[in-house]
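The values are calculated or read from the model by the stated rules, or taken from the named source; none is laboratory data. No experiment lies behind these values; they were computed from the predicted model shown. In this analysis, Cβ positions are derived from the backbone assuming ideal geometry, glycine residues included, and neighbour counts consider all displayed protein chains.
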Amino acid sequence: MTPTFRRGDVAGLTRLIVSVCVGLTSTVILTATTAFDAPLAGWALGAGLFVAWTWIALGPMNADDTAAHASREEPSHGATMLAVIALALVSLGGVVFVLLHKDHTSLVVSTLAGIVASWAAIHTIFAVHYARIYFTEPVGGIDFHQDSPPVYSDFAYVGFTVGMSFAISDTDLGSSAMRRPALAHALLSYLFGTVIVALLVNLVAGL
């Protein structure tokens, strides 16, 4: 079957760049209104837009569309890691900043929204990256234990499972090319779960 996807015609890197631009523009606009939490609010908006746009575009794709899109459109390993490291660093920086200015309720709310959006964005980026690796010759690397070819929702399952449990569930990884990013993903998720979220819980509890 010839791939017929339309919603995914916008490349993943383009979605990321546009989302960053929206976040920066929002920051500038909010700063003009003297909003103290403008950078964090803009960051939350940009990351949230990226996540929503990505799954609206990729979620409806069938197996043929997923294979064609993943192998042609999505960012390389280097771009993927750069994006997730940036999200993690911004999240950590946001927590440190809000700890220094925790009397501002709006700042705490913006930081919480940004952390949630960044968490979802990191796992989204990894899910799409797993799809790209899977459909790179030789095709494979994840055993989904099903007869039908995988679609993006299957890779979302893998990505968010690693993100929430720091481990693989019922999908077996069958190649080093797949295990390497999964290890980085699990370590980064652990950082989120033990450092950033723990700091935020303590912060909110102390309000």
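Scanning region 41-98 for residues that are buried (at least 23 other Cβ atoms within 10 Å of the Cβ), more than 15 Å from the chain's Cα centre (by Cα), modelled with pLDDT of 75 or more and not hydrophobic (A, V, I, L, M, F, W, C) yields GLY42, THR66, HIS69. Being modelled with pLDDT of 90 or more and within 21 Å of LEU89 (Cβ to Cβ) is not true of VAL151. In region 47-61, the residues that are among the small types (Gly, Ala, Ser) form Cβ pairs under 7 Å with partners that are crowded, with 20+ Cβ neighbours inside 10 Å and not in a helix (DSSP H, G or I), at six or more places apart or across chains, as follows: ALA57/GLY8.
If you go through region 113-139 and keep only what is surrounded by fewer than 18 Cβ atoms within 10 Å (Cβ to Cβ) and either among the basic types (Lys, Arg) or under 23 Å from VAL195 (Cβ atoms) (or both), you end up with just VAL116. Among the residues that make up region 162-180, is at least one of them at pLDDT 90 or above, more than 20 Å from the chain's Cα centre (by Cα), assigned to a helix (DSSP H, G or I) and loosely packed, with under 12 Cβ neighbours inside 10 Å? Yes: region 162-180 contains one or more residues that are at pLDDT 90 or above, more than 20 Å from the chain's Cα centre (by Cα), assigned to a helix (DSSP H, G or I) and loosely packed, with under 12 Cβ neighbours inside 10 Å. Sub-9 Å Cβ pairs linking a first residue in region 82-101 that is more than 11 Å from ILE125 (Cβ to Cβ) and free of Cβ contacts under 8 Å to residues at least 60 places away in the same chain to a second residue that is surrounded by 15 or more Cβ atoms within 10 Å (Cβ to Cβ) and among the aromatic types (Phe, Trp, Tyr), at least 6 apart or interchain, are VAL90/TRP43; GLY94/TRP43, ordered by first then second residue. Taking each residue of region 165-190 that is in contact (Cβ under 8 Å) with a residue 12 or more places away in the chain and looking for partners that are among the basic types (Lys, Arg) with beta-carbon atoms closer than 8 Å, six or more apart or interchain, yields LEU173/ARG179. Among the residues of region 80-98, the one identified as more than 16 Å from VAL197 (Cβ to Cβ) and either of a type in the set (S, T, N, Q) or in contact with a Lys or Arg (Cβ under 8 Å, 6 or more places away or on another chain) (or both) is THR80.
Could you grab me the full set of residues in region 140-160 that are in contact (Cβ under 8 Å) with a residue 40 or more places away in the chain and either surrounded by fewer than 19 Cβ atoms within 10 Å (Cβ to Cβ) or of a type in the set (Asp, Glu) (or both)? Matches in region 140-160: SER148, PRO149, SER153.
Considering only residues that are closer than 17 Å to ALA52 by Cβ and of a type in the set (A, V, I, L, M), which ones fall in region 120-174? Residues satisfying the conditions are ALA120, ALA121, ILE122, ILE125, ALA127, VAL128, ALA156. Taken over region 126-141, the residue count meeting the criterion of being at pLDDT below 90 and either of a type in the set (A, V, I, L, M) or in contact with a His (Cβ under 6 Å, 6 or more places away or on another chain) (or both) is 1.
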